[in-house]
Amino acid sequence: MKKFLLISFAVIVALVFGVLIFPNVRRINALPDDMVVTYSDIQQCNDKDVFSPVINLSLPKNIEVSEDGELTNTVMSVKLFGLFTIKKVNVRLLTDTDVYVGGDTVGFNLFSEGVICVGSNAVTTADGIKEPVKESGILDGDAIIKIEDIKIENIQDINRIVNLPQLQGKPLTLTLHRDGQELQTKITPALDAFTNTYKLGLWVRNNYSGVGTLTYVKQSDYRFGAVGHPIVEASLGQNFNVDSGNIYKCSLIGIKKGERNNPGEIRSSINLSDDAIGIADTNCDYGVYGTLLNKSIINPDRTALLGGRLSVKLGEAKIYCALDEQGVKGYDIMIVKANKQNSADDKSMTIRVTDKELLKKTGGIIQGMSGSPIVQNGKIVGAVTHVMLNDPTRGYGVYIDWMINN
């Protein structure tokens, strides 16, 4: 009898595992080690038996959650029958806070700390061609922040400092930023025979201007996120390191419709003499961030909750962008794939444009739409990041998880 009961119990467990648990093992294992969730995300997963009727998500009791849209670090448990923990995930818990939905095309004028090296050139001297950079160890992408302990704030500072009477022709100590670290090197300027001034033989820049789409603005502190992917220094192929910057309203010039292997674009102009509507302070893998100062760009009636990846469902959604004089409008899309990412990536979702009006105007997703918020069931769940070159009706989006709290 006892043996029969054990066998029966084993059979029941096997059936439960085979029918209710096994099909979801891969989905459970695909949950990343660190993710953003909201209370409503968890409640929705449990109410709809997303993983299984016998598997629920739970949080520790008595969590003190910030009410201003900040994230709270805690641990989410994946439990079998509400009793046995089968996986733990470090989560950043976000309150179900309303944010303003973006969609406006904005311009950026970003400045680096110091100046960024983007190349080198030879200097013609009375003694022939010299390359001061050659023995210095300076690399493209390095930011020069000081020369002889004098802070570098703009390109003009380079020429001014190396030609100071007390420094002319002497080996100079340069302080660099490289990959988040500070280091020093020596370089001896060469005297240019044509201009009779000392030069380092470097091409440098300290600003970047471009356009993108505003994704969201937090109601609590007017912190914004935009673009959804990094602003890249084209000549270097790496993220532009931002120390400060401004954002501006853009004037729409026109739309270049996208075609197969020929991406379209939103053609806009930025007037840098206008008053900035906000300041930018961060450019990272998930977009450009800062604080909005002029709130006229906000539509107070266009709000949504922030939703983590658990909010994302395959099916209908909308993207918001501004493509004509009528301003920001929502357009229909389908989320056709939602990747189970264990690490940050700006290709979290695959989307397809289904809106006939949008297809007629743009052919699908075009340059300048990066950052367009993806809204599903009243929540911002992500932002548009890329178009598929071989099919402009399809593209990618990043989970809002990777964007928020920067």
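Could we say that L359 is out of contact with any strand residue (DSSP E or B) (no Cβ under 7 Å at 6 or more places or on another chain), of a type in the set (A, V, I, L, M) and assigned by TED's automatic domain parsing to the domain that holds C250 here?
no
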Check: For the range 93-102, what are the residues that are crowded, with 18+ Cβ neighbours inside 10 Å and of a type outside the set (S, T, Y)?
Finding: L93, L94, V99, V101, G102
Checklist line | Lone unmet requirement of (1) over 36 Å from the mean Cα position of the chain (by Cα); (2) free of Cβ contacts under 8 Å to residues at least 24 places away in the same chain for T85 | finding: (1)
Check: Out of all the residues in the range 28-50, which are modelled with pLDDT under 75 and surrounded by 14 or more Cβ atoms within 10 Å (Cβ to Cβ)?
Finding: P32, V50
Check: Any idea which of G395, G378 is under 29 Å from L31 (Cβ atoms) and over 19 Å from the mean Cα position of the chain (by Cα)?
Finding: G378
Next item on the list: Inspect the range 334-345 for any residue being buried (at least 24 other Cβ atoms within 10 Å of the Cβ) and modelled with pLDDT of 95 or more and give the result as yes or no.
Entry: no
Next item on the list: Would you mind telling me which numbered condition in (1) modelled with pLDDT of 90 or more; (2) of a type outside the set (V, I, T); (3) on the phi > 0 side of the Ramachandran plot G237 fails?
Entry: (1)
Item checked: Per-region count, the range 348-385, residues touching a Ser or Thr at 6+ places or on another chain (Cβ under 7 Å) and among the basic types (K, R) -> 2
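The values are calculated or read from the model by the stated rules, or taken from the named source; none is laboratory data. Computed from a prediction, not measured in an experiment: that's the story for all the values here. Glycine gets a Cβ as well: all are built from the backbone with ideal geometry, and neighbour counts include every protein chain shown.
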